[in-house]
Structure formats: structure tokens, C-alpha cells
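The values are calculated or read from the model by the stated rules, or taken from the named source; none is laboratory data. These figures come from a predicted structure and were not determined experimentally. Cβ sites come from the backbone with ideal geometry, for glycine too, and all protein chains shown count toward neighbours.
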Amino acid sequence: MRHIPNALCILRMLLVVPIAWLLNAGEYKLTLWVFAFAGFTDGLDGFLAKRCGWMSELGKVLDPLADKILLVSVFIILAVLDIVPAWLAATAVLRDVTITAGAISYNALYGYPHGNPTVISKINTLCQIAYLLLAVAAKAGEWCPEVALMILGALVFVTTVVSGIDYVVVWSRKAVEASRQQRGLTG
């Protein structure tokens, strides 16, 4: 049972393929359901891991990786299909590329980063999922006020930029400290 959260992360990664296919086929209503389910697995895996004590080192890697694969893929596809603004998709992708490059660099220089997502990062992920769901719902012809999409898009932009800056600042400080420790300059 303790592997259920990790299985949900893997499922979320695998759902990217049918979501991409459905979007390209113009099947927006079905995309909405599959993407909503993928978003639901994001909350469920975290809930189960914490509530049941099923947290693992693998899960700490799989969960953010699954989020990045899902959200980056959907942002790119929706931008190519001209459903979301390219600049907003680029902002989300750039944030995730920056965080991933930073984590890889930190790992190469100082060892495994052992980081936890920040509150602003969790808010950003929630806003991105909600925004993408709303954008697909609007394309599917479901009820979606344009102003709600605009406000949520602005919120995605702000939380993406703030969380990206937060990661850079926090991990730059940790890298400086780790570098000092490696050189024996702590104090």
C-alpha cells in the first residue's frame, strides 16, 4: 500500500500522452476529464503520503517530476494550439527549467538537495492546474467567464514568477553555504 502515492505519480506522467493526443484531436471535453483526473492524483498522492506515512525518497523525486511533465506539456500544447498565451506558457516552462537546472547543478556540486516544495510553489501548482482546466473548459464550450480566465492567468503569472524567484534565492543561499562548508569556511 505504501507504493500507492508513487504509482499515482507515475500514472500522472503516463496521462500526459492521452491528454496530448486528445488536445491535438480537438477532444476538449474528454481532455477536461482526463486532465482533471490527473490534477486530482496530484493532491491525492500527497494526501496519502502524508496521512498514511507513505512518504519516500522516490516520491520526493517523482511528485515534482510528474507535476513538471504534466504542466509543462499541457502548457506547451495549449500555447501551440493558441488556447493559452505563449508568453504565459513560456513563463511557466522557464520557471520549471530554471528549477530543474538548479536542482541538477546543486546535486552535481553539493549532493542531493533534499528540498521540499514551498507554500508559494504549492499555490503556483494549484493555480496552474486550475488555469489550464479553465482554459480547456472554455475551449470545450463549458461555462467559463472570460474575466475568470484572465484573473486566474494573472494569478498564474504572479505565482510562477514569485515561486521561481523564491527557489533561486533560497537555493542560491543554500549553495553558498554548502560551498563554504566544502571549503571549511563555516563560521
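Is it true that Thr125 is at pLDDT 95 or above, in a helix (DSSP H, G or I) and among the hydroxyl-bearing types (Ser, Thr, Tyr)?
no
From (1) under 23 Å from Gly26 (Cα atoms); (2) surrounded by 14 or more Cβ atoms within 10 Å (Cβ to Cβ); (3) among the charged types (D, E, K, R), pick out the condition that doesn't hold for Asp96.
Every condition holds for Asp96 apart from (1).
Can you find a residue that is assigned to a helix (DSSP H, G or I), at pLDDT below 95 and loosely packed, with under 14 Cβ neighbours inside 10 Å anywhere in the stretch 81-91?
No; the residues of the stretch 81-91 include none that is assigned to a helix (DSSP H, G or I), at pLDDT below 95 and loosely packed, with under 14 Cβ neighbours inside 10 Å.
For the stretch 100-121, check the following and say yes or no: at least one residue is in contact (Cβ under 8 Å) with a residue 24 or more places away in the chain, surrounded by fewer than 16 Cβ atoms within 10 Å (Cβ to Cβ), over 15 Å from the mean Cα position of the chain (by Cα) and under 24 Å from Ile19 (Cα atoms).
So far as the stretch 100-121 goes, no, none of its residues is in contact (Cβ under 8 Å) with a residue 24 or more places away in the chain, surrounded by fewer than 16 Cβ atoms within 10 Å (Cβ to Cβ), over 15 Å from the mean Cα position of the chain (by Cα) and under 24 Å from Ile19 (Cα atoms).
So which residues in the stretch 1-17 are assigned to a helix (DSSP H, G or I) and within 18 Å of the chain's Cα centre (by Cα), if there are any at all?
Pro5, Asn6, Ala7, Leu8, Cys9, Ile10, Leu11, Arg12, Met13, Leu14, Val16, Val17
Would you mind stating whether Gln128 is touching a Ser or Thr at 6+ places or on another chain (Cβ under 8 Å) and in contact (Cβ under 8 Å) with a residue 12 or more places away in the chain?
Yes: the conditions hold for Gln128.
For Val156, indicate whether it is under 21 Å from Leu65 (Cβ atoms), surrounded by 12 or more Cβ atoms within 10 Å (Cβ to Cβ) and within 18 Å of the chain's Cα centre (by Cα).
yes
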